[in-house]
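K.L.:
Quick one: the structure is below, and I'll ask about it shortly.
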Amino acid sequence: DEPNLTGKLKEKLVPRTEKTIRWTIRVPKATGIDSWALAAAYNNGSIATQTGTFTADSFTSVRSIDGNGMSNRSYDGLLNLPAVTTIGSWGFGGNRPGFDEIRLNEETRALARLDEGCGGWMDNTTNIVLGLAANNTLAAQVFRDLRKLRRVEFTGYPPNFTETAADVFTGPGSDAITFIVPPSAAWAAYLAPFAANGDFIRWSGDQIRAWRAEHPE
């Protein structure tokens, strides 16, 4: 718990050990996470059992996570990054069981880039919230193989995929993920071609109200 630590968390901040450890980190003033700063290293072809818990204010000022910045550890709880703008390849991916919920820049909507595989391969993640900037880039496999993923909410602009949406978001089945988007002109224009091709169906007011009644959260 280092509430006054500022700047970027540097490489190998946490112990490189084969022992089973559990730890919690809270650095609300830190502005970045360097490559491998919070990642678990491979030991003899396997990853040590090193787990951790984060709170809603663990990383409130972090703007960037470099490649493999916090990968391969079995984190749980909430990953809340309200200020993040860029996440490098495998930035927090490969964490089993992984976070229950992931919230990235949902209020200021300045998330500009998510690189390949940065948040994939987690067993526990059910909800994702993305506040994308207007000129954003989402690479392939960003949220790949999230076995319990049920809901993806966009609070900002539509995504600019380098591949298809199916290459970015994958859950337990093609009809198992609900996408929520804001009623904006940018989203209306984005969805228009899908509606014309029959790939997108806009819910009626009754359908939306029924869904909200089933999901009061």
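The values are calculated or read from the model by the stated rules, or taken from the named source; none is laboratory data. Just so you know, these numbers come straight off a predicted model, no measurement behind them. Methodologically, a virtual Cβ is constructed for each residue, glycine included, from the backbone with ideal geometry; neighbour enumeration extends over all protein chains shown. Note: areas computed on protein heavy atoms with side chains; ligands, DNA, RNA excluded. Shrake-Rupley method; radii C 1.70, N 1.55, O 1.52, S 1.80 Å.
K.L.:
With a 1.4 Å probe and all protein chains in place, put E217, E163 in order of accessible area, largest first. Walk me through the numbers before you get to the answer.
P.N.:
Numbers: E217 140, E163 100 Å².
The residues order as E217, E163, largest area first.
K.L.:
Shifting gears a bit: Can you tell me the orientation of helix 185-196 relative to the chain, as the angle in degrees between its alpha-carbon axis and the longest Cα principal axis, to the nearest 10?
P.N.:
70 degrees
K.L.:
Can you sort T170, T20, T55 by 1.4 Å-probe accessible area, starting with the largest?
P.N.:
Most to least solvent-accessible, the answer reads T20, T55, T170.
K.L.:
P(r) for the chain: what percent of alpha-carbon pairs falls in each 10 Å bin, starting at zero?
P.N.:
Calculated over all Cα pairs of the chain, the distribution is 8, 33, 35, 17, 6, 1 percent.
K.L.:
Where in segment 110-133 does the label zone of R96 land, with the point 7 angstrom along Cα→C-beta and an amide N cut-off under 13 Å?
P.N.:
121-124
K.L.:
If the only charges are +1 at each Lys and Arg Cβ and -1 at each Asp and Glu Cβ, what is the size of the charge dipole of the chain around the Cα centre, to the nearest 20 debye?
P.N.:
It comes to approximately 380 debye.
K.L.:
Given a 1.4 Å probe and every protein chain left where it sits, what share in percent of the accessible area of the chain is carbon and sulfur? Walk me through the numbers before you get to the answer.
P.N.:
Values: 5400 of 10770 Å².
C and S atoms contribute 50 percent here.
K.L.:
Then there is this: What spacing in nm lies between the two simple spin-label points modelled at D123 and T55, each 7 Å away from Cα in the Cβ direction?
P.N.:
2.7 nm
K.L.:
Kindly express, to the nearest 10 degrees and within the range 0 to 90, the angle between helix 205-214's C-alpha long axis and the longest C-alpha principal axis of the chain.
P.N.:
Here the helix axis deviates by roughly 30 degrees.
K.L.:
Sticking with this one: With each run of n ≥ 4 DSSP H residues scored as -39500 (n - 2.57), what mean residue ellipticity at 222 nm is computed for the chain after dividing by its residue count and rounding to the nearest 500 deg cm²/dmol?
P.N.:
-3500 deg cm²/dmol
K.L.:
Follow-up question, since we're still on this one. For S184 and R150, calculate 0.36 nm times their separation in residues minus their Cα-Cα distance, and state this gained length in nm to one decimal.
P.N.:
That pair, S184 and R150, stretches by 9.9 nm at full extension.
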